[in-house]
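Worksheet: the structure to be examined is printed underneath.
The values are calculated or read from the model by the stated rules, or taken from the named source; none is laboratory data. Keep in mind that this is a model prediction, so the values were computed, not measured. Counting neighbours? That spans all protein chains shown, and the Cβs are built from the backbone with ideal geometry, glycine included. Protein only, heavy atoms only, side chains kept; ligands, DNA and RNA dropped before computing areas. Shrake-Rupley method; radii C 1.70, N 1.55, O 1.52, S 1.80 Å.
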Amino acid sequence: MNEIITEIIETIKDSSTLLEGELALERLLQQVNQQLLNAAFKQIDLELLPKYKEQGYEIDSIPKRTLHMTVGPVEIARHRMRKEGEKSVIPFDQAVGLEPRKRHSPLVEMKAAQIASDGTYRKAEEAIDLLTPFSLSHTTIHKMTQKIGTTIQEWTDTAPLQDETVQKDKTKTPVLFIEGDGLMLTKGKEKKRPEIHRVQFHEGVEYKGKQKRPVLINSRMFESTISSSEAFKRASLWLESIYDLRETIVISNSDGGSGYDKDKFYRIIGKCQRHEHFRDAYHVNEKIKQRMYFDKKMEEKMRKAVRTYNLDLVEAIIATTESRIKGNDEKAPEYKEELSKLKAYLYRNWDSLKPLKMRNLPVNRGLGVCESNHRPYSYRMKRQGRGFSAKGAGNVAAIISARKNGTFLRALTEKIPELLTELRPEFKGAVRAALKKSKTKPSIGVKIGSIANYSSSSSPIGQLQKMFS
């Protein structure tokens, strides 16, 4: 320890600026970490050998293996043992669960996938190269991300089925919001543009911090690039495993697009106290704008009529708008067709257009969050020339959802074998043996003392004190 401290001090002393000193210290501490790990692994490896020698194994060779860990590349020299008639083994690799030919630790793969879920693979490559003592190519990061994304999707589909929580112990909440919407990606590697189908639920909104920032309570996101039915299926499994909805008011919201009608929400909810479905206000206004583009004045009146939930006024506006269409206008049939479509749309969805404040509900906000929560997905996968296959987009989206849901680490530790495999007893025994040998009592140097004299210098104790002083 004293040697390391001396070397650190020498490094600081030889640096002319703080930046130069910090860069030098970064390199030094990386080397120290690697040397310490090498020494520790070597000692543990030696403690594993006696058990195999007792079984008739002999040392065959000492191959080296470089493993990229978060502290940097660590070169591990460990013994290969061979026994006649038996396949050769490497005790160290077996004891810690290291797979053959694997160059990166599980933690490195996890962190690489996390970085790649926020930006392009090339940006992730740059970030890892800048912040860690090793580098990964963007193609390697891509493979890691796809592997982990696939694993998370498999876990998301199976984990709720293994949940054994009894009904009485499930979460009860007075209100639950459920929303669904699709996000079409701008460019794909296939003929058909991939679409991320999303379903999200939460228990309401709370405001945090001085800025009163709105935060969703117990929000969970689910996605699929296969179909909206697949996304609803995933959400349904988790709803059933988490909640008891028998005394809950469920509020659902969607834009009414294909695959997101009221029945889809009704099927996944099951038995609840009450179900209220809403048509998303933003998309309703967009529909009015799309159908009444030819009469801006009446368009504004129609928005107000829908907002106040006045059907008589809606019918009067449609009639008035139709009367304002000039008969000699060559586009008159087109305008009337647009009005007819708008009227059918409003009548078909009228029950879902009733405002939140008119439904006698215990909440007055919390709707319309699904589309705003597209951002983590759209920022990562749309524009900037990025192209995704449906499968690739699904894997990246799964990582984003797992991180938002707080299940990223749990999904990996329960699904990836090398993360789930516990260290073997022989490894723990070798560690304990190595620890005993490495423990040494620190030297306290030469002890210095004196004889205390509380009487005269001519007394016997005083004379003894003179002899030693």
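Given contacts defined as C-alpha pairs under 8 Å and at least six residues apart, what's the relative contact order of segment 41-84, whole-number percent? Mind showing how you got there, number by number?
Values: 50 pairs, mean separation 18.4, N = 44.
Value for segment 41-84: 42 percent.
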* Can you tell me the 0 to 90 degree angle between the C-alpha axis of helix 332-348 and the longest principal axis of the chain, rounded to 10? => 60
* Report the accessible area of Leu339, computed with a 1.4 Å probe over the heavy atoms of all protein chains in place, in Å² rounded to the nearest 10. => 10
* Structure fact -> Probe 1.4 Å, all chains present, heavy atoms only: Lys42 accessible area in Å², nearest 10, is 130
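Please give the length that would be gained between Arg274 and Ala39 if that part of the chain were fully extended, namely 0.36 nm times their separation in residues minus their C-alpha to C-alpha distance (nm, one decimal).
Answer, rounded to one decimal: 78.1 nm.
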* Global geometry of segment 93-192, whether rounded, prolate or oblate, following the gyration tensor of its Cα atoms and the 1.5 cut on a/c -> oblate
* Asked: Restricting the count to DSSP beta bridges whose residues both fall in the chain, what percent are antiparallel, rounded to a multiple of 5?
  -> 65
* Might you work out the accessible area of Val96 for me, using a 1.4 Å probe with all protein chains in place, and round it to the nearest 10 Å²? => 40
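Go through Lys191/Lys233; Lys233/Lys357; Lys51/Lys87; Lys102/Lys415; Lys191/Lys391 and tell me which ones have a Cα-Cα distance over 20 Å in this structure. Write out the running numbers ahead of the final one.
On the way: Lys191/Lys233 26 Å; Lys233/Lys357 30 Å; Lys51/Lys87 16 Å; Lys102/Lys415 18 Å; Lys191/Lys391 14 Å.
Going by Cα-Cα distance, Lys191/Lys233; Lys233/Lys357 fall outside the 20 Å limit.
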* Compute the separation of the alpha-carbon centres of segment 312-351 and segment 179-253 and state it in Å as a whole number. => 35
* Structure fact -> Extend 7 Å from the Cα of Leu409 along its Cα-to-C-beta direction; within segment 144-163, residues with backbone N under 18 Å of that point are 152
* D (Stokes-Einstein, µm²/s), Kirkwood Cα radius, the chain, 1.306 mPa s at 10 °C -> 55
* To do: Could you tell me whether segment 260-344 comes out rounded, prolate or oblate from its Cα gyration tensor? Rule is a ≥ b ≥ c as square roots of the eigenvalues, rounded for a/c under 1.5, then prolate if a/b exceeds b/c, otherwise oblate.
  => prolate
* **Sequence-separation-based contact order of the chain, relative, with Cα cut under 8 Å and 6+ spacing, percent** => 17
* To do: As a check on your grasp of the helix formula, calculate [θ] at 222 nm for the chain: sum -39500 (n - 2.57) over DSSP H runs of n ≥ 4, divide by the residue count, round to the nearest 500.
  => -16000 deg cm²/dmol
* At what distance in nm do the modelled label points of Ile62 and Lys13 sit from each other, each positioned 7 Å from its Cα along Cα→Cβ? -> 3.5
* **segment 52-175, relative contact order [Cα under 8 Å, separation at least 6], %** => 18
* For Phe408, Phe41, write out the residues from largest to smallest accessible area, computed with a 1.4 angstrom probe and no ligands counted. => Phe41, Phe408
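Which of rounded, prolate or oblate describes segment 1-144 when judged by the alpha-carbon gyration tensor and an a/c cut-off of 1.5? Don't skip to the answer; put the middle values down first.
Working: a/c = 3.79, a/b = 1.41, b/c = 2.69.
Taking the square roots of the gyration eigenvalues as a ≥ b ≥ c, segment 1-144 is oblate.
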